[in-house]
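First up is the structure itself, then whatever we jot down about it.
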Amino acid sequence: MCGIIGYIGKDNSVNHLIEGLRALEYRGYDSAGIAFFDTKQKLNTVKAAGRLANVEAMMQITPESHCGIGHTRWATHGAPDDINAHPHGTPSLRLVHNGIVENYAALKEELTALGYTFESETDTEVAAKLLDYYYVKEKLTARAAIERMTSRLVGSWALGILFADDPGTVWAARQGSPLIIGKGENEHYIASDITAILSRTRDYYQLDEGEIAKVTRSSAEIWKDSKPVNKELKVAHWDIEAAERGGYPHFMIKEINEEPTAIRTTLHSRIKDGLPDFSGDGFDTSVLGEISRMHIIACGTAMHAGLVAKGLLNSLAKLPCEVEIASEFRYNDPIVGKGDLVLIISQSGETADSLAALRLAKKKGAATLAIVNVIGSSIAREADSVLYTMAGPEIAVASTKAYSVQTALLYLLSVEAGLVRGRLSREDAAKRVSELYNRAPEAVAEMIAREKEIETVANKISGCEDLFFIGRGADYHLAAEGSLKLKEISYIHSEAYAAGELKHGTISLVTPGVPVVALCTVPDLYEKMVSNIRETKARGAETFMICGADTEVAEGTADHIIRLPEISPELAFLPEVCALQLFAYHAAAARGCDIDKPRNLAKSVTVE
Ligand code: F6R
């Protein structure tokens with residue numbers, strides 16, 4: 001998703017803009033650009049399709065500048081080319097934008113009738129020219145012009161703006177897309193998120209919906225509805241080390257390695273006297289005993305974490321639960337309201353569909369809870385209650401540690417629901433919590449220690465183009481996540497199938513040599529899985545099995561076997577997902593893929 005950076009201060013702004021954009025690369029982008037004032041106070045723009053290096057290459061020497069804005073663009077309106085890259089503008093201003101202007105076509109028509117012409121296909125250029133109209137033609141002040149312009153936009157935006165006649169100011173505005181203001185010593189930044197400025201400062205103001213900010217070297221003034229807003233200066237606790245690769249070849253493998261610690265950190269403050277305790281989150285868990293149904297709404301990997309939770313809430317708390325894809329939920333006129341708890345799961349806390357689903361659930365009168373990683377993100381702020389996962393920044397586009405901490409936290413929540421609903425005794429609950437906190441992170445670490453073994457197995461499938469993951473019960477949901485991970489980073493097409501469903505059509509695709517990865521960690525379903533593996537073997541499949549540490553596997557059942565470390569089947573999902581992540585990682589590495597930034601994908605999906 002697009003990234004925004006802005007700088008005004010004593011240093012060279014161009015260096016800070018490039019450094020900030022580089023830190024935002026993890027969000028995914030396909031073009032980049034900067035606008036800055038030079039020493040003659042002239043406003044310059046440099047932008048190019050492709051990587052940030054193309055922008056740098058266009059400036060033979062770094063120009064002297066103390067004020068500028070920059071952008072990485074993830075194409076929505078128009079191809080990822082030089083012209084559509086941001087900044088956009090007119091001789092009087094430059095503007096960068098994250099989000100979507102939904103009514104841009106109507107506004108473009110209106111501006112065309114007023115004599116404006118357009119060189120790009122973007123909605124952003126329309127916003128820039130609309131701003132020009134109010135600033136230059138209507139002669140409004142900068143702030144009034146931004147207010148008028150944003151009042152005409154329908155959609156979402158985070159904006160960074162420079163006016164040619166005011167080289168000492170960066171303007172910013174936010175509606176629906178995240179933006180923060182960083183405060184340094186006699187300098188200020190604007191940024192899409194804290195990772196862009198973490199190497200420079202930890203102090204920041206969070207811009208809220210509908211706010212407009214004027215940022216100079218020495219001040220950051222903020223308004224909403226034309227009235228000044230006083231903001232609390234926040235301090236980011238993420239350290240720069242955590243936002244860098246720390247010696248690993250990719251962020252993805254670094255983040256997989258962080259899973260044991262991230263799980264413990266997420267759980268630590270929520271366990272008291274050996275039992276779950278969410279009082280520190282201000283979440284009153286008695287609601288879990290009052291509701292008739294829980295709805296879990298999320299996208300992608302976060303939705304797969306929800307599927308694991310559905311099984312746990314069913315088995316541990318007998319709490320009916322539905323899991324829905326956010327983009328489907330919001331348009332399906334969902335039957336949800338008073339008496340329901342809607343849980344939104346999101347690493348970024350900014351996913352547009354998940355945020356819209358949250359707003360819809362609130363409008364319909366449901367109680368809402370969010371499980372979110374990014375502190376202060378939109379979903380975290382708008383839900384009735386929030387449980388933060390403490391995974392630290394997740395930079396690789398493919399989500400790994402976020403899923404592990406989400407599912408670990410959801411397990412704890414399910415145990416709590418079991419207690420509240422009288423389905424678990426305190427002894428049962430304490431036993432489970434102890435294994436979750438003491439054993440599960442160790443088991444994940446042991447899985448990671450066997451990376452080489454998984455790499456060898458992954459190398460066997462790296463040349464294939466189609467593959468199946470099959471599983472039953474909890475393993476079916478793990479199969480979905482294993483399949484998503486593999487396809488998004490290795491570009492190997494794969495399908496996740498409920499093992500019993502394969503023979504109802506899809507087995508026609510299993511031909512000699514097609515790999516089938518069978519997840520067999522549910523003891524009660526093991527024999528059924530073995531039958532399904534046999535069905536695929538009979539058609540010539542190359543079979544891979546993931547099973548428990550002690551599972552007795554008869555000779556010749558599968559061609560390759562990966563055993564999980566010792567752990568009870570109920571918690572097998574934690575080392576198991578780790579194995580699947582490593583499997584996907586090494587398959588992608590063997591194929592030479594751009595693992596941290598897979599094609600066409602963005603880290604934070606803030607558009608529909
Ligand atoms: C896949 C992946 C995505 C995200 C999805 C939701 O590896 O990362 O499927 O899980 O885009 O993102 P969040 O959790 O930020 O709402």
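Taking first residues from region 331-359 that are without any contact (Cβ under 8 Å) to a residue 24 or more places away in the chain and partners that are of a type outside the set (Phe, Trp, Tyr) and assigned to a loop (DSSP other than H, G, I, E, B), no Cβ contact under 8 Å between residues at least 6 apart in sequence or on separate chains turns up.
Just one of (1) within 16 Å of the ligand (Cβ to nearest atom); (2) surrounded by 15 or more Cβ atoms within 10 Å (Cβ to Cβ) fails for Arg599. It is (2).
Among the residues of region 384-403, is any part of a helix (DSSP H, G or I) and surrounded by fewer than 24 Cβ atoms within 10 Å (Cβ to Cβ)? Checked against the condition, which is being part of a helix (DSSP H, G or I) and surrounded by fewer than 24 Cβ atoms within 10 Å (Cβ to Cβ), region 384-403 yields no hits at all.
When region 123-166 is filtered for residues that are more than 20 Å from Lys227 (Cα to Cα), in a loop (DSSP other than H, G, I, E, B) and in contact with a Lys or Arg (Cβ under 9 Å, 6 or more places away or on another chain), the ones remaining, listed by number, are Glu138, Ala164. Just one of (1) of a type in the set (Ser, Thr, Tyr); (2) surrounded by 23 or more Cβ atoms within 10 Å (Cβ to Cβ); (3) at pLDDT 95 or above fails for Thr150. It is (2). Where strands (runs of 3 or more DSSP E) fall wholly inside region 455-542, the ranges with 2 or more residues that are within 16 Å of the ligand (Cβ to nearest atom) and surrounded by 15 or more Cβ atoms within 10 Å (Cβ to Cβ) are 493-498.
So that you can scan it fast, the table gives a plain yes or no per residue for (1) more than 22 Å from Arg359 (Cβ to Cβ); (2) more than 16 Å from the ligand (Cβ to nearest atom); (3) buried (at least 17 other Cβ atoms within 10 Å of the Cβ):
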| site | (1), (2), (3) |
| --- | --- |
| Glu290 | yes, yes, no |
| Ile297 | no, no, yes |
| Lys310 | yes, yes, yes |
| Pro320 | yes, yes, no |
| Ile325 | no, no, yes |
| Tyr331 | no, yes, no |
| Gly339 | no, yes, no |
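Considering only residues in region 26-48 that are touching a residue at least 40 places away in the same chain (Cβ under 8 Å) and of a type in the set (S, T, N, Q), the one that is surrounded by the most Cβ atoms within 10 Å (Cβ to Cβ) turns out to be Ser31. Residues of region 59-118 that are in contact with a Lys or Arg (Cβ under 6 Å, 6 or more places away or on another chain), in a loop (DSSP other than H, G, I, E, B) and without any contact (Cβ under 8 Å) to a residue 40 or more places away in the chain: Tyr116 alone.
Mind listing just one residue for me: the one in region 351-369 that is outside any strand (DSSP E or B) and among the small types (Gly, Ala, Ser) and, of those, surrounded by the fewest Cβ atoms within 10 Å (Cβ to Cβ)? Out of the qualifying residues, it is Gly365.
Considering Arg51, Arg22, the condition of being under 26 Å from Glu394 (Cβ atoms), free of Cβ contacts under 8 Å to residues at least 60 places away in the same chain and out of contact with any strand residue (DSSP E or B) (no Cβ under 8 Å at 6 or more places or on another chain) is satisfied by Arg22 alone. Filter region 61-91 down to the residues that are small (Gly, Ala, Ser), at negative phi and surrounded by fewer than 17 Cβ atoms within 10 Å (Cβ to Cβ) and list them by number. Listed by number, the list holds a single entry, Ala79. In the set (1) under 29 Å from Leu179 (Cβ atoms); (2) touching a residue at least 12 places away in the same chain (Cβ under 8 Å), Leu275 fails one condition alone, (1).
Of all the residues that make up region 404-437, how many are outside any helix (DSSP H, G or I) and crowded, with 20+ Cβ neighbours inside 10 Å?
Quick first cut of region 404-437, residues outside any helix (DSSP H, G or I) only: 421-425.
Now narrow it down to the ones that are crowded, with 20+ Cβ neighbours inside 10 Å: 424.
Of the residues in that region, 1 qualify.
Within region 355-372, not a single residue is out of contact with any helix residue (DSSP H, G or I) (no Cβ under 7 Å at 6 or more places or on another chain) and under 23 Å from Leu24 (Cα atoms).
Hey, could you check region 370-382 for residues that are within 13 Å of the ligand (Cβ to nearest atom) and in a loop (DSSP other than H, G, I, E, B) and say which is modelled with the highest pLDDT? Checking each candidate, the answer is Asn373. Looking across region 265-278, the residues that are in a helix (DSSP H, G or I) and more than 16 Å from Ile345 (Cβ to Cβ) come down to Thr265, Leu267, His268.
If I filter region 412-423 for residues that are within 14 Å of the ligand (Cβ to nearest atom) and among the acidic types (Asp, Glu), do I get at least one hit? Looking for residues that are within 14 Å of the ligand (Cβ to nearest atom) and among the acidic types (Asp, Glu), one finds none in region 412-423, hence no. Scanning region 580-596 for residues that are within 14 Å of the ligand (Cβ to nearest atom) and either of a type in the set (A, V, I, L, M) or closer than 21 Å to Arg73 by Cα (or both) gives Leu580, Ala584, Ala588, Ile595, Asp596.
For region 8-25, filtered to residues that are of a type outside the set (S, T, N, Q) and crowded, with 23+ Cβ neighbours inside 10 Å, the residue that is nearest to the chain's Cα centre (by Cα) is Leu24. Taking region 391-410 as the range and being under 16 Å from Ile375 (Cβ atoms), in contact with a Leu (Cβ under 9 Å, 6 or more places away or on another chain) and either within 11 Å of the ligand (Cβ to nearest atom) or at pLDDT 95 or above (or both) as the test, the residues that pass are Val405, Leu409.
As a summary of the residue check, Thr261 satisfies the conditions (1) within 16 Å of the ligand (Cβ to nearest atom); (2) surrounded by fewer than 22 Cβ atoms within 10 Å (Cβ to Cβ) except for the one numbered (1).
The values are calculated or read from the model by the stated rules, or taken from the named source; none is laboratory data. Just so it is clear, the model here is predicted, and its values are computed rather than measured. So basically every Cβ, Gly included, is an ideal-geometry build from the backbone, and we count neighbours across all protein chains shown.
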